[in-house]
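Undergrad: Sharing a structure below in structure tokens format, with a few things to ask.
The values are calculated or read from the model by the stated rules, or taken from the named source; none is laboratory data. All values reported here derive from a predicted model rather than from experimental measurement. Here the Cβ positions follow ideal geometry from the backbone for every residue, glycine too, while neighbour counts run over all protein chains shown. We work out accessible area using only protein heavy atoms, side chains counted, and drop any ligands, DNA or RNA first. Shrake-Rupley method; radii C 1.70, N 1.55, O 1.52, S 1.80 Å.
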Amino acid sequence: MRIASRPNGDHKVPFATLYSGAQQLENELKELLRTKSVFDKDVQRVRSRLRDTYEKLLCSDLHAAIAKDVEQSLWKVIFYRKIEDLRKKMRKLGSGLKDPNAEESMKKLVTAFKQFIVDAKVFYKELLFKLQSDAGFRRAHGDLTLPSLPLEQAFLLEAAPPLYSVYYRCLIYLGDLARYEVLHCHEAGAKDWSESDHFYRQASVLLPAYGNPHNQLAVLSTYQGDDLEACYRYCRSLGARHPFVTSKENLHMLLEKNRQKLLNVSAVLSPSRWSMDDLVKQFILLQYILIEDHDAHAFRSTLNQVMEGLTRSLEQAVDPLCVVSESVMLKFVSLAMYSMTVALSPSSLSSASSSPATDSNTTVANSNTNGFGNTESWQCSALTLLCRLLTLLMSRCASSASLPYLAATSVLLMYTVEHSQVLAALCRLNGAVQHESTQMWLSLLHLLRHLGSCVGASRLEKAQKADLIPQVGSSDLPEKMELRGYFNLFMTEPAGHAHSGALVSSTDSDHRLMRAAVIWRFGRFIADPAVTPLPGVLHFDVSSLTFVSYEQAVIPD
């Protein structure tokens, strides 16, 4: 329960006066903690007064409070520091020191910790309700959501209304509080992380250009032993317009941990005998080689095994435990996008110690004699993965009227066309990846023809001209909600549509049309001689609405 009552009616006190009072209370609290316990009554009294003063500052002038970092001071001074003190005491009690009263002391400490967390969660929820009300938003009690922002504000924190920036951080604090509660105050056994997961996801939806919520979601995944989800979330965090830089080291540790697991396996199975867990571990190992290790021989060997394992899972799997789900494939695709972007922009996404030299003619300063050697070789390897993954996905998609993995295929093609560096590298390095790119374009041609037959070429033409594609449409498309902001994907609104969400579809048929339209538009882009960076690949016959290979096309002089 709250120890002190909420601020009421003293918003008229000038902000400067309140802020001066907060600074004095901060100093008083700091002095008290030099000699007294966090449980001391004087400490609790001053902490409570300071907490309420911070709240008054936030509710009196949000702009001024943000300028003074009041919301961050509230978290660090009032809540986080006490949490850290309590955690230290718990570690000390659990360190094995011979204390006959240790067990009883631990029980009391856990009870106090849990009550503090519960009080903190109540405080933040009430604060968010108060801020909602002050901003004129009317929500049912318990509803912490805010209306979606226009994308130009959602992707730029300084352009977002003050309420949203404070709200975003408070949602992360609520997620952290729920996480600490489960981590330190629940008994051993299965743990329920759903509350913290909920708050982190709310934060990521509110301001999708920021990576912090994804880092926190990755941490939850590590608790649950889900390395693929954790790897994906760390990449999501680093692939945001405003990345959470701590994720870089976290990703490094996760990739290294996965590598060590594989080193400790006594018997190496053939890909034909891989379980889903084996496939996931090997795919993550592939990311380690591309991002950290740069061993060209290991890359080629691992890539061949991974593609063999994936092919078996996609085309021949009868064991449900070996089937790659749509969501798992979307994560594989997202990891491939990350490693491709790292290879294209090593200085921005990978650590200096693991990045090949930026000059394509310069040898990498790497003790590994089998290394990629230079940036060009590195990019060729990342492109090879991209091409082979696309070839496999498009071939599988073109093999059935149900269009399996259509979402993952459309997302990867969208990434390819949205990032001109990828197509530029494909054009520049075509000789080095000629076999892979040839197979990819052939698979694309087959898929485009299949889509024209299954979905309808005229419908696809109409859809792509009307911007009825996930990049600019349906707010409820799962991959749009999941990947918005990742390497600038899904960051534009429909042309001619207001932000109110005029273009919203929810049926599977609508989703299929939108995803197919992305692929169709990609084909039209590659086939358009006026804009394509890769002339001589595809030709589009306007009269019959069909794609043909460039060699088969009859092109007018």
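Undergrad: Give me the distance in nm between label points sitting 7 Å out from Cα along the Cα-to-Cβ direction at LEU183 and THR35, one decimal.
TA: If labels sit at LEU183 and THR35, their model points lie 3.4 nm apart.
Undergrad: Might you report the magnitude of the Cβ-based charge dipole of region 183-227 about its Cα centre, with Lys and Arg at +1 and Asp and Glu at -1, to the nearest 20 debye?
TA: Once rounded to the nearest 20, the dipole reads 160 debye.
Undergrad: By how many nm would the segment from ASN304 to HIS198 lengthen if fully extended, with 0.36 nm per residue of separation less the alpha-carbon distance?
TA: Once the chain is fully extended between ASN304 and HIS198, it gains 34.3 nm.
Undergrad: Moving to a separate point now. Using 7 Å Cα-to-Cβ label points, what is the GLN72/THR532 separation (nm, one decimal)?
TA: Going from the GLN72 label point to the THR532 one covers 5.0 nm.
Undergrad: What nm value, rounded to one decimal, do you get for the distance between VAL417 and SER95 when each label is placed 7 Å out toward the C-beta?
TA: 6.1
Undergrad: Are there any trypsin sites (Lys or Arg not before Pro) in region 57-133 that are in a DSSP loop and have at most 14 other Cβ atoms within 10 Å? List them by number.
TA: LYS98
Undergrad: Between THR311 and LYS107, how high is the FRET efficiency from 1/(1 + (r/R0)^6) when r is the Cβ-Cβ distance and R₀ = 60 Å? Nearest 0.05.
TA: So, using R0 = 60 Å, E works out to roughly 0.65.
Undergrad: Now a separate question. Could you name the lysines in cross-link range of LYS465, using Cα to Cα under 28 Å and dropping any fewer than eight places away on the same chain?
TA: In chain and number order, the partners are LYS480.
Undergrad: Per residue, how much accessible area does region 185-297 have with a 1.4 Å probe, in Å²?
TA: Spelled out: the 1.4 Å probe surface of region 185-297, per residue, equals 42 Å².
Undergrad: When the dipole is taken about the Cα centre of region 222-290, and only Lys, Arg (+1) and Asp, Glu (-1) are charged at their Cβ, what size is it in debye, to the nearest 20?
TA: So the dipole magnitude of region 222-290 works out to roughly 160 debye.
Undergrad: Additional query: Let's test the formula: R0 of 60 Å, r as the Cβ-Cβ distance of THR438 and LYS191. What FRET efficiency results, to the nearest 0.05?
TA: That gives a FRET efficiency of 0.75.
Undergrad: If R0 is 51 Å, what FRET efficiency do you get for THR17 and MET481 from their C-beta distance, rounded to 0.05?
TA: Taking R0 as 51 Å, the efficiency between THR17 and MET481 is 0.70.
Undergrad: Next up: What dipole magnitude, in Debye to the nearest 20, does region 193-263 give about its Cα centre under +1 on Lys/Arg Cβ and -1 on Asp/Glu Cβ?
TA: 240
Undergrad: I've got another one for you. Under 22 Å Cα-Cα from LYS257, which lysines qualify once same-chain neighbours fewer than 8 residues away are excluded?
TA: Those lysines meeting the cut-off are LYS248, LYS281, LYS331.
Undergrad: Quick one: how many Å² of HIS252 are accessible to a 1.4 Å probe, rounded to 10?
TA: 60
Undergrad: Same structure, new question: Fully extended, how many nm does the chain gain between SER275 and TYR223 (0.36 nm per residue separation, minus their Cα-Cα distance)?
TA: The span from SER275 to TYR223 would gain 16.5 nm if fully extended.
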